[in-house]
Amino acid sequence: MKVKVFIIAFTFLVTCAFGANFEEKIEKTFKLDKNGVFSLKNINGTITVQTHSKSEVVIKAVKIADKKAELEDVDIVFDYTENELEIYTKRLKSHSNARVNFEAWIPENLKETTAKSVNGELNLEGNYGQLNAKTVNGKIVMQGGFTDADFDTVNGSVGIYCKKKLAGNFKGKTVNGSVKLELTGDSEFSFDADTLNGSIKSDFSAITIKKGFIGKSAKGTVGSGAYEVELKTVNGSIKMLKI
């Protein structure tokens, strides 16, 4: 049975003013093991996700507005079923300036994780299973590892630092911004990248960079080519670096 929790109705609220801003702080914890599914979708505001060794999700959210009354213009909804948790913001007034910044701690190597925002950057750290990150206006930054990842933004950069040998496929895409992927030298993958207006750099000798009539592209197979790496941008550079 699904349980939808509207934060204004069921969570203790802490409201305070800092200069011209008003804040409302919310904290919640849910049980979730490594076979679970976690989804966090925001409209305006940043998302920070880290992994930990516990079989639970800890959420800290801060609603921020210029006026105290505007804090009521956005709800945070928790949709929780057995081993699945979806969190999303719900705007009650279309012209409100209220925003929500999220921090989340989720189980390490969780089966599936999704983080999405419309206006806000995404910051990810730790070890994940399937990882999907998407925003429209904001950068995506990740440090750690995954078994499969897909990052997509429109106005912002994509930067990934994989501390361990690549263990899955990766797609990184933006329209206006750079894409940088840093991998260990023993990683094995097939590579496909292109940019319309920008440069391409690679530390891996097996990757060949070509300059076309318009734009640049790069392809190659590193080692056995066990996984697929695809990097795309329209206006920005692409860097494929060794750690």
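The values are calculated or read from the model by the stated rules, or taken from the named source; none is laboratory data. In this text, all values refer to a predicted model and were calculated from it rather than measured experimentally. Glycine also receives a Cβ, built like all others from the backbone with ideal geometry; neighbour counts cover every protein chain displayed.
Tabulated results
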item	result
Among the candidates 22, 18, 6, residue that is at pLDDT below 95 and buried (at least 19 other Cβ atoms within 10 Å of the Cβ)	22
Positions within the stretch 88-122 being more than 24 Å from residue 21 (Cα to Cα), in a strand (DSSP E or B) and not acidic (Asp, Glu), in sequence order	105, 106, 107, 113, 114, 115, 116
Residue, nearest to residue 50 (Cα to Cα), within the stretch 146-161, restricted to residues that are surrounded by 20 or more Cβ atoms within 10 Å (Cβ to Cβ) and of a type in the set (Gly, Ala, Ser)	149
Conditions (1) under 16 Å from the mean Cα position of the chain (by Cα); (2) within 30 Å of residue 240 (Cβ to Cβ); (3) not β-branched (Val, Ile, Thr): number failed by residue 165	(1)
Candidates 76, 59, 106, filtered to the one that is in contact with a strand residue (DSSP E or B) (Cβ under 8 Å, 6 or more places away or on another chain), modelled with pLDDT of 95 or more and either under 27 Å from residue 173 (Cα atoms) or not assigned by TED's automatic domain parsing to the domain that holds residue 25 (or both)	106
Contacts under 8 angstrom Cβ, first residue in the stretch 59-83 being farther than 20 Å from residue 22 by Cα, partner outside any strand (DSSP E or B) and among the basic types (Lys, Arg), 6 or more apart	79/2; 80/2; 81/2
Strands (runs of 3 or more DSSP E) within the stretch 162-219 that include 3 or more residues surrounded by fewer than 18 Cβ atoms within 10 Å (Cβ to Cβ) and of a type in the set (Gly, Ala, Ser)	none
Selection status of residue 154, out of contact with any His (no Cβ under 7 Å at 6 or more places or on another chain) and in contact (Cβ under 8 Å) with a residue 24 or more places away in the chain	no
Test for residue 232: is it assigned by TED's automatic domain parsing to the domain that holds residue 179, of a type in the set (D, E, K, R) and more than 24 Å from the chain's Cα centre (by Cα)	no
Where residue 201 falls short, out of the listed (1) touching a Lys or Arg at 6+ places or on another chain (Cβ under 9 Å); (2) within 24 Å of residue 122 (Cα to Cα); (3) basic (Lys, Arg)	(2)
